[in-house]
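Computed from the coordinates by the stated procedures, all read-outs in this text should not be read as laboratory data. Values in this document were obtained by computation on a predicted structure and should not be read as measured data. No Cβ is skipped: glycine too gets one built from the backbone with ideal geometry, and neighbour counts run over all protein chains shown.
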Ligand code: MLT
């Protein structure tokens, strides 16, 4: 008899974005004429840039010749990309990394989900609430979450509320925890921490031997000066933090898949017998066993984002989406809504009008305005009463959505 992983049975039947897609499909089936504007999942709409496409075409041609063909690549990524990451994404902001600390991969979603492989089942996990659902669901799968309560919280997970009431600044845990997921700029609220605020987390992690899993997938959207792009801008962070980065939102790679994770050599974990272990060595071992590397062609595309032309194109893409964010934010404010985010992130977090829940407002916008959003409660109990809108659509559709809301 085959015994399935019981933990999966505990999970809600569908992943948040699959549930939304299902509801939209159902609505479309009965309203085929509806011109639906998608502001739900954070999926980019602009095509890959010219420089990225050229680099990938060239790489495809290399695959066609015996002299330049590539089979298995290094599972941690080709040095042509790793070196660019170190130089452009870190050295440029005063952070020194070695090549062994960079792990090129196929997505921040996969890495932030897979990281649980190297963490004991006994860790107490803390998340900010609302939260990117992958952090919770993968800990449920790994048996670290306990039971789902009626309040929408898992019994063994510590929820750090991050709401308008506390300015979206999660408080340090008062109970003992071992791992904290931090995502800044935040998905879903679009809010950020300043350097001073992030330093509190790093100091806390050092003092309590806590591991910080820092998701910086949206760092390229930061516009304000005192917002850190990397947790390693904070002194001591290398001892306690892993950082996830992605080309998905930055360079339009949601369908192309390329990302990287930084696991510093100094980052330390502990065994039950009290001995310390290198988290870098464990992740290296995990990746070497379970991952055969991001495709060569894709890594050449990612490398192209670091050329002068590539950088310019990426900047333009980000500006395009951030202009959408501005349009959404200002239009909604004019309509009298309470909105957050959209300044350092492509997400706008909107408080639903009195009398609605996240899901009833989601349904209203879908059925009456034909606009897809994401109900805040899907990101955790503190997301109830909010919806999230993304700025990743076209400018025309973004403007059209705002006009529909005005009517
Ligand atoms: C989101 O909409 O939250 C993101 O697109 C999800 C993801 O990056 O996996």
- For the peptides 69-80, 185-196, what is the packing order when you average, over each peptide's residues, the other Cβ atoms within 10 Å and list the highest mean first? 185-196, 69-80
- 30 Å tail of the calculated P(r), the chain, as % of Cα pairs: 42 percent
- Query: Once the piece of chain linking residue 175 and residue 3 is laid out straight, how much longer is it, given 0.36 nm per residue of separation minus the C-alpha distance between them?
  - Reply: 58.5 nm
- Note on the structure: Once normalised by the length of segment 155-260, the mean sequence separation of its alpha carbon contacts under 8 Å that are 6 or more apart gives a contact order in percent of 22 percent
- Ranked by Cβ crowding within 10 angstrom, fewest neighbours first, how are 243, 303 ordered? 303, 243
- Query: Could you give the radius of gyration (one decimal) and Dmax (whole number) of the Cα atoms in segment 280-407, in Å?
  - Reply: 19.3, 57
- Query: Can you give me the pair-distance distribution of segment 6-63, C-alpha pairs, 10 Å bins, whole percents?
  - Reply: 17, 25, 22, 25, 11
- Task: At 7 Å along the Cα-to-beta-carbon direction for both residue 46 and residue 224, put a label point, then send me their distance in nm to one decimal.
- Result: 2.3 nm
- Task: Using only the alpha-carbon atoms of segment 100-155, report the extent along each of the three principal axes, biggest first, to the nearest angstrom.
- Result: 43, 23, 16
- Message: Can you give me the orientation-averaged projected area of the convex hull built on the Cα atoms of segment 157-235, in nm²?
- Response: 5.3 nm²
- Query: How large is the helix-only mean residue ellipticity at 222 nm for the chain, computed as the sum of -39500 (n - 2.57) over DSSP H runs with n ≥ 4, divided by its residue count, in deg cm²/dmol to the nearest 500?
  - Reply: -10500 deg cm²/dmol
- Query: Got the relative contact order for segment 211-315 handy, in percent, Cα pairs under 8 Å and 6 or more residues apart?
  - Reply: 20 percent
- Could you work out how far apart the two model spin labels at residue 406 and residue 91 are, taking each label as a point 7 Å from the Cα in the direction of the beta carbon, and quote it in nm? 4.9 nm
- Mind putting together the pair-distance distribution for segment 159-294? All Cα pairs, 5 Å bins, whole percent per bin, short to long. 2, 9, 17, 21, 20, 15, 10, 4, 1, 0
- Please state, as a whole number in µm²/s, the translational diffusion coefficient that the Stokes-Einstein equation yields for segment 17-160 at 25 °C and 0.890 mPa s, with Rh defined as the Kirkwood radius across alpha carbon pairs. 123 µm²/s
- Message: Taking the number of other C-beta atoms within 10 Å as the exposure measure, put 1, 63 in order starting with the fewest.
- Response: 1, 63
- State, to one decimal in nm², a quarter of the convex hull surface area for the C-alpha atoms of segment 80-209, i.e. the direction-averaged projected area. 9.3 nm²
- Approximate spin-label separation residue 281-residue 367, in nm, with each point projected 7 Å along Cα-to-Cβ: 5.9 nm
- Query: Any idea what log10 I(q)/I(0) is at q = 0.15, 0.16, 0.26, 0.29 Å⁻¹ for segment 300-354, Debye with uniform C-alpha scatterers and no solvent?
  - Reply: -0.53, -0.57, -0.93, -1.05
- Cα pair count fraction exceeding 21 Å, expressed as % - segment 223-300: 46 percent
